[in-house]
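Report on one structure; see the data block that follows.
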Amino acid sequence: MHRPILVTGGLGFIGSEFIRRVTRAGASVVNLDAMTYASSPERLAEVPADRLETITCDLTTDDLGAIVARVEPGVVVHFAAESHVTRSESQEEIFMRTNVEGTRRLLEAVLEADLDRFVHISTDEVYGPCPEGAFTEAQKEPGPGLATSPYARSKALADDLARSYTDRVPVVAVRPTNCFGAWQHPEKAIGRWVTRALTGERLPVWGDGQQTREWMHVEDACAGIELLATKGEPGETYNLGPGPTDVANVDIARTVARHAGATDDTVYLTAYDRPMHDRRYAVDSSKVRALGWAPSLDLEDALARTVEWYRANESWWRPLVPVAEKIYSDEEVSAG
């Protein structure tokens with residue numbers, strides 16, 4: 001009998017997609033979730049009850065050792081993290097506690113477990129900005145290194161911490177690029193642009209709008225994570241991204257607007273810009289591609305699918321918009 005997968009943060013955006021994916025394939029999952037504002041049980045409503053157990057759990061305070069001993073997982077996939085960059089600017093202590101201390105306590109809890117793999121979900125932001133080319137896995141600086149935001153610094157420290165346990169725990173570290181898709185909280189850039197476009201509001205883009213990210217649909221990201229949970233080499237780190245896609249933020253917003261039935265002039269640039277707003281992220285994902293992974297959706301199709309999902313699921317995201325909008329100050333138009 002296959003042992004269950006222990007997932008942390010499975011009521012979040014990416015973790016829930018991973019759970020939906022692996023349970024459809026027959027896996028059983030035990031999900032540990034702190035039930036923060038970013039958690040949503042509706043994301044897992046479709047998962048059969050006999051394949052999922054969700055435990056309300058704070059990784060920084062609860063007895064993880066007892067949970068691991070009871071569950072006896074074969075694989076741990078650690079998604080749980082505070083992940084919103086803007087929130088990290090005013091809540092750095094919370095981000096450090098959850099992302100670093102939570103990771104440490106989970107690693108300590110599995111020291112005696114007979115795991116096949118411990119998959120640590122990191123981020124491409126641990127490298128810092130990438131002026132040209134693409135970062136390989138070996139190019140992360142020690143500690144916070146070149147990471148800029150409090151969020152990125154906390155994840156850089158957690159990344160180092162997870163990899164420091166590789167002599168005792170079969171850690172596979174994964175550094176995905178920016179994800180988007182169904183069920184994303186409307187505080188995140190694409191989720192926010194989509195929901196604003198669908199409600200007839202204008203779409204704010206910070207600064208000059210020329211920052212670029214490697215945008216990856218969440219289904220492609222979770223396909224890669226699932227592959228690495230079975231075929232990733234313990235002790236290794238893998239970048240996970242769709243490849244060179246240097247599309248400016250302002251162009252992403254305009255594409256979202258068009259798919260939502262709005263015009264380009266609904267997108268505007270703001271006087272406000274994020275402190276130390278990194279111009280470009282890019283990673284070399286050839287290592288995971290050698291294992292057989294490749295993205296299945298191109299950016300245009302993935303954005304179109306995302307808009308249609310939000311159009312059909314307004315009852316889920318509409319109550320979340322006030323929470324999302326409360327943290328932003330970007331209404332003053334500077335140009336365009």
Rounded to whole angstrom, the alpha-carbon centroid of the range 188-255 lies from that of the range 61-137 at a distance of 20 Å
Highest mean packing first, using Cβ neighbours within 10 angstrom, the peptides 9-20, 294-305 sort as 9-20, 294-305
For LYS155, counting only lysines whose alpha-carbon sits under 19 Å away and dropping same-chain residues fewer than eight positions off, the answer is LYS140, LYS188
per DSSP, antiparallel bridges as share of beta bridges in the range 149-301, % nearest 5, sits at 15 percent
Filtered hits (aspartates and glutamates, Cα-Cα < 14 Å from LYS231, offset >= 8 within chain) -> ASP116
Rounded to two decimals, the Debye log10 I(q)/I(0) of the range 177-249 (Cα scatterers, no solvent) at q = 0.15, 0.24 Å⁻¹ is -0.63, -1.14
In units of 2.2 N^0.38 Å, the Cα radius of gyration of the range 1-136 is 1.09
For 35-42, 178-185, ranked highest to lowest by mean beta-carbon neighbours within 10 Å, the order is 178-185, 35-42
Between the modelled labels at ASP167 and SER296 (7 Å from Cα along Cα→Cβ) the distance in nm is 4.1 nm
In nm², the average projected area of the convex hull spanned by the Cα atoms of the chain is 15.6 nm²
With the label point 7 Å along the Cα-to-beta-carbon line of ASP246 and a cut-off under 12 Å to each amide N, the hits in the range 277-309 are 280-282
Per the rule of 0.36 nm per residue minus the C-alpha distance, extending LEU111 to ALA45 adds in nm 20.5 nm
One computes Rg over Rh for the range 231-312 from alpha-carbon atoms, with the Kirkwood Rh, and obtains 1.07
1/(1 + (r/R0)^6) with r = Cβ-Cβ of ARG305 and THR136, R0 = 22 Å, i.e. FRET efficiency to nearest 0.05, evaluates to 0.10
Note to self, the chain gives a 222 nm [θ] from helices alone (DSSP H runs n ≥ 4, -39500 (n - 2.57) apiece, / all residues, nearest 500) of -9500 deg cm²/dmol
Stretched fully, the stretch from SER90 through GLU236 gains (0.36 nm per residue minus C-alpha distance, one decimal, in nm) 49.2 nm
Taking r as the C-beta separation of TYR272 and GLU314 and R0 as 22 Å, the FRET efficiency to the nearest 0.05 is 0.20
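Laboratory data are not the source of any read-out in this text; all were calculated from the coordinates shown. Note that the structure is predicted; figures quoted are calculated from it, not measured. Positions of Cβ are backbone-derived with ideal geometry, glycine not excepted, and every protein chain shown enters the neighbour counts.
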